[in-house]
Amino acid sequence: MTLISILIGTLVAGMGSVWIAALLAHALLSRFTQHLLSLAAGALLATAFMRLLPEAFELSVEASVSAHALFAALLVGLVFFFLLDKAELWHHGHEHGPGHHDHDGHAHHAHEGEHAQNHLSGGWAVLLGDSVHAFGDGILIAAAFVADPRLGIAAALAVMAHEVPHHVGDLVVLRQTLSNPRAALFKLTLAGGVTAIGGVVGYLLVGALQEYLPFFLVAAASSFIYVALADLIPQLQRRLSPKETAAQVAWLFAGIALVATLGEWAQH
């Protein structure tokens, strides 16, 4: 039953985020992308600090793991994801993410599309990066499901929320490097489907190493924290009007409230 839940959760997070991104990439809906960035940042931080880390520390008592070891693992995780980011293999969304367009929503995308066209491997680099990222997300979602099914649902929703803005940018780049827009969506969907493969591998790995489950949860938390602080929030640090700033903060707290509500539901 846990494996089935992992498969459903990873497919919703991986492939579902691609299709939602395809809808948001439409000109009429692109203006909501900034709000989704704020929502995703809040959801990721809340999932890490209100769900994953507390669960890891609770399980560490049973597994006789010290708090010092978990904090060290959190630090190593943050540095690890930083190095992957530098290698452009983890979350390359900040290079072509939707948060980098101006108010007309297109100028920067066009520039980045031209940049991708200057590199023959540009489209494949996007797909490779998404596949590696999706595989890692699948492992992290599996670890959360093994710890608690409701925690797995929260992790899957958080992954989907932060993947959608990235996939919007991915689709723009792929449509510049591929002549067929449908082919771009199909290939990105396949890359998102790698999340399910990561979920199965994660289920087998976490199940065999149950005593190390706290470290898997800390790894998930470190990835969420890094993506939120290093990728999403910097995209939101722009000079905005008071009304736009208020909306940005409101969506950020909405993401936190969403995870908090899931947490209350999980306790019943």
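The values are calculated or read from the model by the stated rules, or taken from the named source; none is laboratory data. Everything quoted here is computed from the prediction, not taken from an experiment. We place every Cβ from the backbone using ideal geometry, glycine too, and count neighbours over all the protein chains shown.
Within the option set 218, 249, being modelled with pLDDT of 75 or more, surrounded by fewer than 23 Cβ atoms within 10 Å (Cβ to Cβ) and over 14 Å from the mean Cα position of the chain (by Cα) holds for one residue only, 249.
Whenever a residue of segment 158-169 is over 19 Å from residue 181 (Cα atoms) and modelled with pLDDT under 75, its partners that are in a helix (DSSP H, G or I) and not acidic (Asp, Glu), lying with C-beta atoms within less than 7 angstrom and at least six residues away or across chains, give the pairs 162/40; 162/44; 162/227; 162/232.
For segment 238-249, enumerate the residues that are of a type outside the set (Val, Ile, Thr), free of Cβ contacts under 8 Å to residues at least 40 places away in the same chain and in a helix (DSSP H, G or I). Within segment 238-249, 242, 243, 244, 246 qualify.
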